[in-house]
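**Q** Here it is: the structure, laid out below.
Bear in mind that the values in this text are calculations on the coordinates, not laboratory data. Just so you know, these numbers come straight off a predicted model, no measurement behind them. With ideal geometry, Cβ positions are generated from the backbone for all residues, glycine too; neighbour counts draw on all protein chains shown.
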Amino acid sequence: MQLNNLLLEKTERYAIVTINRPEKLNALNTDTIRELQQVMQSLNRDPKILSVIMTGAGEKAFVAGADIAQITSLNEKSGSEFARKGQQVFREIERMRKPVIAAVNGFALGGGCELAMACHLRIAAEGARFGQPEINLGIIPGYGGTQRLPRLIGISNALHLLLSGEMINAQRAYQLGLVSEVVAGDQLLTRAKALAETFAGKAPLASAYILEALYRGMDTGLDEALEIEAAYFGKACATEDMQEGTRAFMEKRKAAFKGR
Ligand code: COA
């Protein structure tokens with residue numbers, strides 16, 4: 001796979017995907033979105049890869065948004081297609097079978113904040129900044145921001161950010177529940193790698209079922225969501241890893257999961 005806008009590094013059990021246009025603060029142009037889709041689809045299919053870290057190249061930005069140079073020429077039809085394409089790629093990331101950790105190393109604005117929100121969890125460097133500044137350009141978020149932000153931080157806080165275009169720092173993002181941890185800038189990747197290793201050490205099918213149950217359940221009412229949970233609990237009970245995990249507990253040893 002020829003990658004011009006991303007870096008892909010694989011370890012034995014997890015991958016690091018780095019958006020790599022630092023001279024444009026890693027702004028997402030259509031080529032980058034397309035590469036992101038290809039890479040994430042291939043990582044989702046790769047049975048050896050058990051978790052993924054998403055980050056941005058350089059010191060300054062995770063991703064400073066969709067590429068504004070490409071937005072200026074959009075009209076109603078091409079604009080909604082532009083949004084739909086990004087939404088589709090981000091939704092595929094959210095529905096991946098393995099945990100995706102956003103390691104937010106700087107500006108996460110517009111499409112960058114939306115990309116971080118489409119990952120399963122977010123950790124931030126102290127200097128990270130979050131925001132949905134689209135309103136300042138006379139547009140609205142188009143990669144899921146009007147939907148995922150209120151789901152993550154509540155309607156009032158989301159509307160404040162969406163309508164003001166204001167940026168918040170990492171501490172505020174933590175207070176609001178937008179990120180689960182804030183760490184020193186030079187510790188961000190170390191911490192992300194430790195988390196990726198932790199997730200990769202768990203039973204892969206159980207991880208996939210947690211993600212499935214959570215995201216499918218969040219889109220429906222509680223009764224149906226609990227049914228979904230029960231169905232995936234049943235599936236987990238039918239795995240070899242369930243036999244191994246429960247036996248290892250009884251035998252006071254560490255489980256060796258196989259993803260079966
Ligand atoms: N799209 C396209 N190019 C972008 C970009 C974006 N979203 N964000 C930054 N860039 C480019 C700048 O145009 C500049 O390119 P140039 O050197 O060729 O002029 C380069 O990245 C560096 O950005 P610059 O603005 O000079 O850095 P800064 O430190 O002064 O400001 C920001 C940083 C993040 C505050 C500022 O770049 C910004 O506001 N970016 C846009 C954020 C935004 O509105 N995102 C939502 C888009 S829908």
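**Q** Once amide H atoms are built 1.01 Å from N in the peptide plane, which residues 5 or more positions from Arg95, or in another chain, come under 5 Å H to H?
**A** Sorted by chain and number, the residues that satisfy this come to none at all.
**Q** Sort 6-14, 53-61 for me by packing, meaning the mean count of neighbouring Cβ atoms within 10 Å per residue, highest on top.
**A** Details: 6-14: 15.2, 53-61: 21.3.
The most tightly packed comes first, giving 53-61, 6-14.
**Q** Considering only the chain, what is the antiparallel percent among its DSSP beta bridges, to the nearest 5? Please report the intermediate quantities before stating the final value.
**A** On the way: 8 of 30 bridges.
Once the DSSP bridges in the chain are tallied, antiparallel ones form about 25 percent.
**Q** Counting just the Cα atoms, what span does the stretch 152-241 cover along each of its three principal axes? Round to the nearest Å and put the largest first.
**A** Reported extents, whole Å, longest axis first: 48, 36, 15.
**Q** Over the Cα atoms of the chain, what radius of gyration and what Dmax do you get, in Å?
**A** 18.8, 64
**Q** Roughly how many whole Å is it from the C-alpha centroid of the stretch 180-212 to that of the stretch 65-135?
**A** The two parts, judged by their Cα centres, are 20 Å apart.
**Q** Something else: Compute, for the stretch 6-200, the length of the dipole vector about the Cα centre, with Cβ point charges of +1 (Lys, Arg) and -1 (Asp, Glu) only. Units Debye, rounded to 20.
**A** Numbers: 22 positive and 19 negative charges, 104 e Å.
It comes to approximately 500 debye.
**Q** Less than 14 Å apart at the alpha-carbon level, and either on another chain or at least 8 residues along: which aspartates and glutamates does that give for Lys48?
**A** Cross-link targets: Glu9, Glu12, Glu197.
**Q** Hey, rough spin-label estimate for Arg247 and Arg95, points 7 angstrom out along Cα→Cβ, what's it come to in nanometres?
**A** 3.5 nm
**Q** Residue-wise, which Karplus ³J(HN,Hα) couplings in Hz belong to the stretch 160-167, taking 6.51 cos²θ - 1.76 cosθ + 1.60, θ = phi - 60°, and x for glycine or proline?
**A** 4, 5, 5, 7, 8, x, 5, 9
**Q** Run down the lysines and flag those whose C-alpha is under 21 Å from the C-alpha of Lys77, throwing out any fewer than 8 positions away in its chain.
**A** Output for Lys77: Lys85.
**Q** Of the listed peptides 204-214, 100-110, 158-168, 75-85, what is their order by residue-averaged count of other C-beta atoms within 10 Å, with the highest listed first?
**A** 100-110, 204-214, 158-168, 75-85
**Q** How far apart, in nm, are the 7 Å Cα→Cβ label points at Arg34 and Lys254?
**A** 4.4 nm
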